[in-house]
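Structure record follows, encoded as structure tokens.
Every number here is computed from the coordinates shown, using simple stated rules; none is lab data. Since we're looking at a predicted model, the values are computed, not measured. Cβ placement follows ideal geometry from the backbone for every residue including glycine, while neighbour counts extend to all protein chains displayed.
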């Protein structure tokens, strides 16, 4: 089939080229994300640590800026055994357990958080009075620095003085040793706290998605006889499916790498019960400023997340483009 | 319709409404409860985690009440080289710029992904998901090295640019979905009516996707306002300190200033609520209602 | 107002053409309806006139200008979409004013035209409302208003009535025709509803699988369909089709469909003088078939399997062996299911089609 030649000037074509629209974002991505990514992969093969990087600047003191701008990062030698760092990570006796913890951690957080956010979004989207006030209250977990709120949670879980146990006692349930007892207790404790942190965001995202559904579709469905849950299944859910899909994906990714909740409340304990991948990374690498090892943990985490992430994206058609 | 069934209906309505409110009230209480403790600490004299009285057995009330932490922070007294006007000025400038920049990057990209077809579309969309897949902390060091070489370290740009890019992952998807939900026919009708592509974008697509734009802005705002790690690495001079830097400065290795920390955390939360209230207005239902049949 | 000309318009997506070598001329001020079943290419053709789609081959002319490569906004056309596509965030007034604003009219011009359009369509009291507050019929009128407000050369309408309920649809049809005659604007209208086409059109262009089957006035295409498709598409109930051959007898000509035969009306017989060797399809509309409880020479005995009571008339459905025939009868005609009646199929108004090419033989 012969296409008719377009009589538009080249300049016009360039000006409205889609590539131009995504260019700034892509450049940002390339420079600030892909380059660090490549850099990180590189140093997984080295033994770079703080001593090597020290010449770049004083990172962890609030002293004045150093004059030296060139880095001796590359002075750090490539390991004799290229995969030394990887070996370190994989031969960690706790590796399997930690991985398991991470996966359980991710799933047990994401579904309740997304579910709770969804339910709240629905309730707040319906006829209720005082929506704004409720919403204001419910974004509080998101608005406060999690450092202090998680410490409060830790205090609440205290066996003797914690408010949770005293409340349980009031209704006749004996105190639970949340933080130093069984693995399960500790895990539940941090999951609850993390859900508390995470659902406001989901609520906001889903609220936004629900708000953009045209009113008429509801009316049309009602006329056709669908009300309540049926209508929700027929009209609403399909329309917010993209949002649910991305919420599940990003929620999982963020939870997997969420450091604060798992660390601040239990410190990874008891034992390694609540140690997840990222907290182990902190213990073994970050706290020793062993950047090469840290980068190794990060890269392994990336691969763990990338593979399912890729297939999830494909399967749900998340990245299917538009075009007119 | 007998009287019986209409009473049954209104009873059912009341029950549903009651249930909803009960649920919301519980959620609201659970949401703010831990923060009540933070508030209590902020108003307790001294810097340790004091044990407050418990009103009704659950609500923490400070044993002795003071506003010293707030006055200390706001009155520039030297606790940790405090300089509140500077911190809030820096945070404000950085955050506003980050939000503006994020919107500038996200909106055209979302438009391109929604309304255009081009090679590499799916791949580039997917690549925006990649940054989320590795722990943020790990990207900071290479970014620092890069900005070092470019001589951008210790400036506003050092943080604004990463903040702008950092929020992209989610934002682009939000905007793409939002644009997707506007029927193509509106574009076509506007085209026939004489609007060029830019006009269609500014006069049709943007007004109709305000809820999503507000969400993107809020997301970028939070990412910048509360960030510590990147700011800590990139900004060194005291004159460039942002609020989170000041906040975490209260967590010295030897001693934790819980009182001041809590007070500053609460102060920092106020703009968040203000911004949220302002944006609430834009999260209004019904902008797209009535435009398209079925 | 201007004429519209389509020359060798073709649109193809990866192989199969959706619109295949369409040549059409719409006269100035004419109301032309593109009629056909779903997927026949009528909407695509309309969109090519609008400029929303680019033809793979061929040219579009509006007035005397070649507009194939011209943007929709510069073609001086207006379009009413099936889904109305009203701007939801604007008031009715602003919806109407938008096209004028885009074409840089002065404020007073805009107000004048908007008021005029609103008056014509009787939506003057709705100007401050938003689309979501309007009923379906009102929205439809706003969509129309947006089209007429600019007084363009051509109106393009893509099934604008299909979302209205049946009664409103019929009512609006008449008003629409009236409006068009008043304004005198050339109109190209797409629909799949043949009754709608018959009411509205000055001329009808029937399309099937991307090809124009016939163009003509409603009466023309109804009474003289060019092929079996056109004959079957127009008219309700659908035309009766019987397959068979024409045979010469001493008495004249008969149509023989194997199980039975009936005489061919002399008017038709005169044309098919030698009989037909190939298969032929006999087409006759229900209104031209008479039915009676008494046998008549040349009538066919059928068993009644249903009847449709329309109020002013009824349609009786009969079956003989595998063949189904529908005939029009007065309301008081008694034809209970299962009884035998006789249908007389000989009529000068019948049609003969070649069974293979489906073209009309007369």
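I want the antiparallel fraction of DSSP beta bridges within the protein assembly as shown, as a percent rounded to 5.
75 percent
Would you calculate, for chain B, the mean residue ellipticity at 222 nm contributed by helices, counting each DSSP H stretch of 4 or more residues as -39,500 (n - 2.57) and dividing by all residues, to the nearest 500?
Calculated at 222 nm, the ellipticity per residue is -21000 deg cm²/dmol.
Can you put A:273, C:40 in order of Cβ neighbours within 10 angstrom, beginning with the fewest?
Least crowded to most crowded, the residues run A:273, C:40.
Once the Cα atoms of helix C:166-183 and of chain C are each reduced to a long axis, what angle between those two axes, in degrees from 0 to 90 to the nearest 10, is obtained?
Between helix and principal axis, roughly 60 degrees.
Have a look at the DSSP beta bridges in segment C:240-354 and tell me what percent are antiparallel, nearest 5.
100 percent
Of all the Cα-Cα pairs you can form in segment B:1-156, what percent are over 22 Å apart?
Summing the P(r) tail past 22 Å for segment B:1-156 gives 74 percent.
Using every pair of alpha-carbon atoms in segment B:82-258, split the distances into 5 Å bins beginning at 0 and state the percent of pairs per bin, rounded to integers.
Computed distribution, short to long bins: 1, 8, 15, 16, 16, 14, 10, 8, 5, 4, 2, 1, 0, 0.
If you look at just the Cα atoms of segment A:92-284, how large are its Rg and its Dmax in Å?
Reported Rg and Dmax, both Å: 19.5, 62.
Sum -39500 (n - 2.57) across every DSSP H segment of at least 4 residues in chain C, then divide by the residue count to get the 222 nm mean residue ellipticity, nearest 500.
About -7000 deg cm²/dmol.
Please arrange C:153, C:11 by how many other C-beta atoms lie within 10 Å of their C-beta, fewest to most.
Ascending number of Cβ neighbours within 10 Å: C:153, C:11.
Which whole number gives the average count of other chain Cβ atoms within 10 Å of the Cβ atoms across peptide B:34-42?
5
Send over the semi-axes of the protein assembly as shown's equivalent ellipsoid, whole angstrom and largest first, taken as the square roots of 5 times the C-alpha gyration tensor eigenvalues.
Listed largest to smallest, the semi-axes of the protein assembly as shown are 71, 32, 29 Å.
Hey, what angle do you get for helix C:107-120 against the long axis of chain C, alpha-carbon based, 0 to 90 degrees rounded to 10?
Orientation of helix C:107-120: about 30 degrees from the principal axis.
Going by alpha carbons, how many degrees (0 to 90, nearest 10) lie between the helix axis of C:136-148 and the longest principal axis of chain C?
Orientation of helix C:136-148: about 70 degrees from the principal axis.
Semi-axes of segment C:240-354's equivalent ellipsoid from the Cα gyration tensor, sqrt of 5 times each eigenvalue, largest first, rounded to whole Å?
Details: eigenvalues 134, 36, 30 Å².
After scaling each eigenvalue by five and taking roots: 26, 13, 12 Å.
Hey, what does the equivalent ellipsoid look like for segment B:3-66, semi-axes from the Cα gyration tensor as sqrt of 5 times each eigenvalue, largest first, whole Å?
Details: eigenvalues 365, 19, 9 Å².
Equivalent ellipsoid semi-axes, largest first: 43, 10, 7 Å.
Dividing the convex hull volume of the alpha carbon atoms of chain C by its residue count, what do you get in Å³ per residue? Could you put the intermediate results ahead of the total?
Values: hull volume 59.5 nm³, N = 362.
In chain C, the Cα convex hull volume per residue is 164 Å³.
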